[in-house]
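> Got a structure here, written out as C-alpha cells. Questions coming.
The values are calculated or read from the model by the stated rules, or taken from the named source; none is laboratory data. These figures come from a predicted structure and were not determined experimentally. Because the Cβ atoms are built from the backbone with ideal geometry, glycine has one as well, and the counts that use them run over all protein chains shown.
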Amino acid sequence: MDELKSKYLDLIAKASDAAALEEIRVAAVGKKGEVSLKMRELGKMTPEERQLEGPRLNALKDEINAALVAKKSALEDAALEERLKAEWLDVTLPARDRHVGSIHPVSQVWEECTAIFADMGFAVAEGPQIESDWYNFDALNIPGHHPARAEMDTFYTHRSEGDTRPPHVLRTHTSPVQIRSMEAQGAPIRIICPGRVYRADYDQTHTPMFHQVEGLAIDRDISMANLKWVLEEFFSAFFGTHVETRFRASHFPFTEPSAEVDIQCSFEGGTVKVGEGNDWLEVLGSGMVHPSVLRAGGIDPDAWQGFAFGIGIDRLAMLKYGIPDLRAFFESDLRWLRHYGFSALQVPTLHGG
Ligand code: DAH
C-alpha cells in the first residue's frame, strides 16, 4: 500500500495538464483502477484482516483523491496565470501618437472676421461661385465695355456651339452677393459674405483662387462715417491693437463716392507690423453703394442708402500671422499646414481672442 501511495502521489505531482491527471485518476481510483481492485479484495479477507486493511485502503483512496483535487486546481491556477501574463494590457501606457489636423489660416481668419462683424450685427450671406455675368458685372454697374471687366482677368465657362448667351464666370469678387442679398432680403440689410473668388493671376501675392469678405449695410441714413467707424472697429479687434486707417479717394463702378482703405504699418527689419510705424498698406475697397446697384438689387435709392466694402481674407491672414508667400496657402504642404495651422479646438470668439 505504501508503494501504491508513493507511486500515485508522485505521478500526480508530475502531471503537466488536466488530461494527464485524468489518466492517473482512472488508473488509480477509476472503476478498474489499482486502488479500486485492492478494495475488491477486501471481500476475500477474514474479518480481522478486513478491519485492519479497510480503513487503510479508504485512507489511501481519500489521500489520492485529495491530491488529485489539489493538483487540478493548481493546474487551473497555473493556466490562468499563463493567460494573464500573455494577455496583459498596460492601461497606464501613453496613447499612441495620432496626427491631428489643423485649421488653415484662411479658415481661421474667415471665422475671426465673422465673429467680429457678427458682434456688430452683420449676418453671413452666401452666393454661388459660378456666377452669371449679370450678377458679377452688369448689376454692379460694370457694363460690357467697361475696362473693369478686362482688368479682372476673369475665368469664363464654355457655352455649347451656337449658344449666344454670355458665358457664366467664376465670380471675380464677392460683390455679386450684395445684389443677391438685396433681392432676397430687401432693405434694411446688414450682411457680410466671406467666400472664394477667382482671377487668372499668379505670383507671390496672387493666386487664381483667393478669398474675400464682402460687407453691405443699407438703411435710411447710413453714411461714410458709419463705414469708417465699422472698419476701424474691425481692424482694431482683428489685430488686437488700435490701428490707424487712411481713406483714399478712389473709383469703383459700384460705389459713389469710393474709397480705398490703408492701414498703418511698419516695414522695418524686413517684416510687416500692423498698427505702428509710418507706412500704409492697402487692404480694402469701399464706398457708398451706387444708386444703380441699389436699383439692380430692387431697392429704391431715393429711400435707402448704405455702404459696402470688400476685404482680402488671405491678405489679412498674411499680415496678422506673418506669412510671406500667398502661393504656399494652397499647396497643401503638411509641414506648412502644421506650422501655420490652428488648433481645431480654439474657435475664434471675441472674448477668447
Ligand atoms: N469688389 C472689389 C474687388 O474685388 C472690392 C470692393 C471695392 C468691394 C469696393 C466693395 C466695394 O464692396 O464697395 O476689387
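> Looking at the stretch 175-190, is at least one residue farther than 16 Å from Ala139 by Cβ and within 12 Å of the ligand (Cβ to nearest atom)?
No, every residue in the stretch 175-190 fails to be farther than 16 Å from Ala139 by Cβ and within 12 Å of the ligand (Cβ to nearest atom).
> Could you check, for the stretch 262-273, whether at least one of its residues is touching a residue at least 24 places away in the same chain (Cβ under 8 Å), under 21 Å from Arg171 (Cα atoms) and not in a helix (DSSP H, G or I)?
no
> Ser175: touching a residue at least 40 places away in the same chain (Cβ under 8 Å), surrounded by 14 or more Cβ atoms within 10 Å (Cβ to Cβ), touching a helix residue (DSSP H, G or I) at 6+ places or on another chain (Cβ under 7 Å) and assigned by TED's automatic domain parsing to the domain that holds Asp314, yes or no?
For Ser175, the condition - touching a residue at least 40 places away in the same chain (Cβ under 8 Å), surrounded by 14 or more Cβ atoms within 10 Å (Cβ to Cβ), touching a helix residue (DSSP H, G or I) at 6+ places or on another chain (Cβ under 7 Å) and assigned by TED's automatic domain parsing to the domain that holds Asp314 - is met.
> Looking at the stretch 235-253 only, could you name the residues that are within 16 Å of the ligand (Cβ to nearest atom) and exposed (fewer than 15 other Cβ atoms within 10 Å of the Cβ)?
Listed by number, the residues that qualify are Arg246, Arg248, Ala249, His251.
Quick grid of which residues meet (1) among the aromatic types (Phe, Trp, Tyr); (2) surrounded by fewer than 17 Cβ atoms within 10 Å (Cβ to Cβ); (3) over 20 Å from Gly195 (Cα atoms); (4) within 16 Å of the ligand (Cβ to nearest atom):
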| position | (1), (2), (3), (4) |
| --- | --- |
| Ala259 | no, no, yes, yes |
| Phe267 | yes, yes, yes, no |
| Val274 | no, no, yes, no |
| Leu294 | no, no, yes, yes |
| Pro301 | no, yes, yes, yes |
| Phe307 | yes, no, no, yes |
| Asp314 | no, no, no, yes |
| Val347 | no, yes, no, no |
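> Restricting to the stretch 110-136, count the residues that are closer than 26 Å to Pro166 by Cα and part of a helix (DSSP H, G or I).
So the count comes out to 4.
> Among residues belonging to the stretch 128-161 that are of a type in the set (Gly, Ala, Ser) and more than 13 Å from the ligand (Cβ to nearest atom), point out the one that is surrounded by the fewest Cβ atoms within 10 Å (Cβ to Cβ).
It comes out as Ser160.
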